[in-house]
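Undergrad: Take a look at this one; I'll ask things after.
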């Protein structure tokens, strides 16, 4: 199975809860590399926005979220969840609690399901 580039780094970061190094890419470089790892303050911005948007009744309500990757082509975010699964989330960036099913979410299983979802991801 083809991996989505930084898969081994993301797996290790998720296992140890360590953050990947921040990377500085221009928009054109981001679009050409596909999914990119998130860490540091950049990851925190995605996590804070997800917390602000996810309301009661949402699939991710009550779970701790760790932002581990983003797709610059469509702004989707890959989160590692506290139940050891993953989810691809399309945040609204409203800064406010949303009504489910917003933010739009695709909940995934473990690494194999995540690899497959990332490989099939379309914008």
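Undergrad: Applying 1/(1 + (r/R0)^6) with R0 = 25 Å to the Cβ-Cβ distance of residue 48 and residue 104, what FRET efficiency is obtained, to the nearest 0.05? List each step's numbers first, then the result.
TA: On the way: r = 18 Å, r/R0 = 0.73.
In this case the efficiency is close to 0.85.
Undergrad: Which value, to two decimals, describes the C-alpha radius of gyration of segment 69-116 once divided by 2.2 N^0.38 Å? Walk me through the numbers on the way to the answer.
TA: Working: Rg = 11.3 Å, N = 48, 2.2 N^0.38 = 9.6 Å.
Dividing the Cα Rg of segment 69-116 by 2.2 N^0.38 Å gives 1.18.
Undergrad: Something else about it: Would you order 51, 88 from fewest to most other beta-carbon atoms within 10 Å of each residue's own beta-carbon? Before the final figure, lay out the partial values.
TA: Values: 51 12, 88 21.
The order, fewest Cβ neighbours first, is 51, 88.
FYI, it's all coordinate maths here, none of it is from the lab. As the structure is a prediction and not an experimental result, all values here were calculated from the model. All Cβ positions, even for glycine, are placed from backbone atoms using ideal geometry, and neighbour counts span all protein chains on display.
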